[in-house]
Amino acid sequence: MTTTKNTTLMASTALAFVLGLCAAPFASAQEQEPEKKAAKADRLAPASTTKDQPATMLDVITISATMIKSPVIDSMAAISAVDQDELDRIQPDTAADIFRTTPGVAASMNGDDPATAINIRGLEQYGRVVVTLDGARQDYWRVGHGSGSFYVEPDLIKDATVIRGPVSNAYGSGGIGGVVSFETKDAGDFLKPGENWALSEKLGYESNGDGFTTSTTGAYRFNEDADIIGNLIYRNRDSYTDGEGATVPWTGERVTSGYLKTTLRPADGHELKLGAILQRYNDIISGSSGSPSATLSRYDANTTNQTYTAAYTWKPDDSDLIDLSVNAYHNRTRAEQTHVWPTNSIGTFRFYDVATTGLNARNSSRFDAWGIAHMLTYGMDYYYLEGSSEAAHFGAGEQQGYGGFLQWQGDYENWLQVITALRYDGYTLDGETRVPSPQEASISGDRWSPRLTVGVTPFEGFQLYGTYSEGYRAPGLQDVFRGGGAHGGTDAYRPNLLLQPETAKSWEAGINVKYDDVLTAGDRVRAKLNVFHTDVEDYIETNLTVTPRTAINIGDARLKGIEAEAVYDYGWGFLNLSGALIDAKVVSGIYSGQALNNTPLDRFSATVGFRMLEDKLTVGAQYLSIGEITRTRRTSLSNPIVVDPGFELVNVFANWTVNDNLKVDFGVDNVFNTAYTDPQSAWSTSAATEQGKGRTFKVAITGRIGG
């Protein structure tokens, strides 16, 4: 209980800090002469464009819940972004590392599986959290405990954005938990002003597991209307050790990945981006990460992820009525697994193949009328998903999701902002029941989901907003068509054609704070605070209390909590704080009163950094605290509670831009060599070792030439 109390105290302190920042303007409001804001387009420009100092993470311009790019701090929603500077500090080995300080988010993975699963406020698995890579949906699942996972090599990423809650429903069918968007670099992000070409080579090493990484990037600008960028990455790592020095078995991996992207501008206002991303993973996957069981199945796994994208935009300078974006994509993830243990199964083969092809389009029209600045955004989206496997309990079949939305945003005299939206969703699932005998089957459904957000800015730099939003998640193919073996024999699972979709209804209130020159000239304060209450009706989960097992609508779930993040940037240093307190549980049905598995509870982080040598050297430290988590044994209604202890980590970093051609990044993760198992990923209670990585030294050297 000591860990929980300390964690709660630290998280409460962080939230109090943010509330203090929010309250500070009231104390000085009468002393400050309010300044009139500029036009809306100018107001959305981040502070970094007008000040000669590094931008804070809350000033980053990224996608928003309205599908319009804007700074995070100006978004009336729970949005967090991780930019290139933060990625350099983290030096992530996995996609899960990217989100370790993002409030309300837990990105988990077992050490023996390079796939990552995202949990937002207690909701996870595919269809509840929409994950995109350069706009392409990453829909993948496999049998057992890997459902809802995805593959993204972190060295490919330029930035990542998280939109929490069903307020993100404009981004496509599902996503009642939120959206995670990964973006790769364009040539324009890599080439410096005046350059026509550039080439860089990054060499990285980490001590724990003797991990080596090489990343080669090249870009060429043919002229102002055409450029291209390419990247190739190779990562090789042996099994790492935990904080007690014990080797965590089967955690080594080999990764080869890369991408190619070209940007064409055939005419003024027109832009076309064509991209291809290829990733290949080779590793050993076990049935239970770290388990010493002599009969536990282990597989030599080869997984390939392919993503192809085409993004077209048209935004003429002489028209405010056209801001068109059309995106087409295809993603395919295929995992091929060959048994290597136990001996009586060596050589047997299985595969999981999930492919998604989609198209989405939207347009925004801006105009002024009745003293209000209007923005009307409307669009549609469609995807076709096909999943195949010889395993009956995979849930093979075809899924189609389609929808459209209409959204209006109005700004009145720079103090009132209103957003209303209405989305339509429909779906069709086609598959084969297989149990008790093969039989074709199909289910379908549709729904309208509204959203309303009202924001008030009583004075410069301080905004209050409230939101009501709904989301709709169709049951997945594995939910409906899973049948056959595992956990009890050849008839352990039965399909369920009567599953109803999940519906999320969410209330949210938030505060955005944005002030410059607070304590000293040139400093900046940015803070976001939000509270939420979400009800999920007809929550879907497998009923593990009976056999044969089947996915059912177990009842309703309730998610509520508070999230905050704050940045104080004073030029020669910065302080980043984030925290979240979240409670998510089942409130009706057979599991009533039990917590949702893997809810990201009681999280707090603090990062402090200092800039030196004319901002060429940044050094700092990061503190991360994860509170204890209450898990449930769904197979036992009489004794369901399992409490996993929390843990605390300290990481340090140093980033040195030696000159225009050389950069050095250094870090130490888990400085105090803490032995821990992240409860978000530790579904196994029989592991012989802790699953968390022990003390790890990291260094990366990047050389660059261009001209």
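Take 368, 381, 523, 669 and order them by how many other Cβ atoms sit within 10 Å, fewest up front. Kindly include the intermediate steps, with their values, before the conclusion.
Working: 368 11, 381 22, 523 19, 669 26.
Ordered from fewest to most neighbouring Cβ atoms within 10 Å, 368, 381, 523, 669 come out as 368, 523, 381, 669.
So what is log10(I(q)/I(0)) for segment 447-567 at q = 0.11, 0.14, 0.18, 0.23 1/Å, when the Debye sum runs over its Cα atoms only?
Results for segment 447-567 at q = 0.11, 0.14, 0.18, 0.23 Å⁻¹ read -0.59, -0.74, -0.95, -1.20.
Of the cross-linked pairs 185/698; 69/616; 69/158, which ones have a Cα-Cα span greater than 18 Å in the structure shown?
In this structure, 185/698; 69/616 lie more than 18 Å apart at Cα.
Report the local net charge at residue 468: Lys and Arg +1, Asp and Glu -1, summed over other residues whose C-beta lies under 11 Å from its C-beta. Each step should come with its number before you reach the end.
Details: positive: 451, 505; negative: 470, 508.
Once all neighbours under 11 Å are counted, the net charge is 0.
Can you pull the Kirkwood radius for segment 76-117, inverse mean 1/r over Cα pairs, to one decimal in Å? Each step should come with its number before you reach the end.
On the way: mean 1/r = 0.0881 Å⁻¹.
Averaging 1/r across every pair of different Cα atoms and inverting gives 11.3 Å.
Residue by residue through segment 419-433, what is 3J(HN,Hα) from phi via Karplus (6.51 cos²θ - 1.76 cosθ + 1.60, θ = phi - 60°)? Round to whole Hz and write x for glycine and proline.
3J(HN,Hα) across segment 419-433, in whole Hz: 10, 10, 8, 9, 10, 10, 10, x, 8, 9, 10, 10, x, 10, 5.
Would you mind calculating the gained length between residue 304 and residue 545 on full extension (0.36 nm times residue separation, minus the Cα-Cα distance), in nm to one decimal?
Roughly 83.2 nm would be gained on extension.
What value does segment 50-139 have for Rg/Rh, both radii from Cα atoms and Rh as Kirkwood defines it?
Values: Rg = 14.3 Å, Rh = 14.7 Å.
Rg/Rh for segment 50-139 comes to 0.98.
Can you give the Rg and Dmax of segment 314-421 based on its C-alpha atoms, in angstrom?
23.5, 77
Given the peptides 560-573, 93-106, arrange them by the average over their residues of other C-beta atoms within 10 Å, most packed first.
93-106, 560-573
Lys and Arg at +1, Asp and Glu at -1: add these up for the other residues within a Cβ distance under 14 Å of residue 538 and post the number.
Spelling it out: positives minus negatives among the neighbours equals -2.
At 0.36 nm per residue, and after removing the present C-alpha to C-alpha distance, how many nm does the segment from residue 675 to residue 701 gain when stretched out fully?
Details: separation 26, 0.36 × 26 = 9.36 nm, distance 2.91 nm.
Taking residue 675 through residue 701 to full extension adds about 6.5 nm, to one decimal.
Using all C-alpha to C-alpha distances in segment 80-204, build P(r) with 10 Å bins and read off the rounded percent in each one.
12, 43, 30, 12, 3, 0
Rounded to two decimals, what ratio of Rg to Rh does segment 263-373 give with C-alpha atoms and a Kirkwood Rh?
On the Cα set of segment 263-373, Rg over Rh gives 1.32.
Give me the one-decimal Kirkwood hydrodynamic radius in Å for segment 179-220, with the sum taken over alpha-carbon pairs.
Taking every pair of different Cα atoms in segment 179-220, averaging 1/r and inverting gives 12.7 Å.
Within 10 Å, count the other beta carbons around each residue, average over each peptide in 584-595, 308-319, and list them highest first.
584-595, 308-319
Which ordering of 68, 554, 120, 63 is given by a fewest-first count of other beta-carbon atoms within 10 Å? Could you put the intermediate results ahead of the total?
Numbers: 68 17, 554 20, 120 29, 63 23.
Ordered by Cβ neighbours within 10 Å, fewest first: 68, 554, 63, 120.
Give the residues of segment 543-574 whose amide nitrogen is closer than 19 Å to a point set 7 Å from the Cα of residue 537 in the direction of its Cβ.
Residues 552-560 fall inside that zone.
Report, to one decimal in Å, the Kirkwood hydrodynamic radius for segment 129-203 based on all distinct Cα pairs.
After inverting the pairwise mean of 1/r, the radius is 14.5 Å.
Name the GluC sites (Glu not before Pro) in segment 312-408 that are in a loop by DSSP and that have at most 11 other C-beta atoms within 10 Å, would you?
390
Taking the Cβ of residue 186 as the centre, find all other residues whose Cβ is under 13 Å away and add up their charges (Lys, Arg: +1; Asp, Glu: -1). Could you put the intermediate results ahead of the total?
Working: positive: 158, 185, 221, 261, 265, 273; negative: 134, 159, 183, 189, 227, 271.
Surrounding charge for residue 186 is 0.
Note the direction-averaged projected area, equal to a quarter of the hull surface, for the Cα convex hull of segment 142-248, in nm².
11.0
How big is the gap, in Å, between the Cα center of segment 408-429 and the Cα center of segment 295-369?
So the two Cα centres are separated by 27 Å.
How large is ³J(HN,Hα) for each residue in segment 508-524, as worked out from phi by the Karplus curve 6.51 cos²θ - 1.76 cosθ + 1.60 (θ = phi - 60°), to whole Hz, x for Gly and Pro?
Working through the residues one at a time gives 8, 10, x, 9, 10, 10, 8, 9, 10, 6, 7, 9, 8, 4, x, 7, 9 Hz.
Can you sort 307, 343 so the residue with the fewest Cβ neighbours within 10 Å comes first? Walk me through the intermediate numbers first.
Values: 307 27, 343 7.
Going from least to most buried by this count: 343, 307.
Pop the C-beta distance of residue 412 and residue 236 into the FRET formula with R0 = 60 Å and round what comes out to the nearest 0.05.
0.55
Skipping prolines and chain starts, which residues have an amide H placed within reach, meaning under 5 Å, of the one on residue 523, given they are 5 or more residues away or on another chain?
517, 518
No value in this document is a laboratory result; all are computed from the given coordinates. These figures come from a predicted structure and were not determined experimentally. Note: ideal-geometry Cβ built from the backbone for every residue, glycine included; neighbour counts use all protein chains shown.
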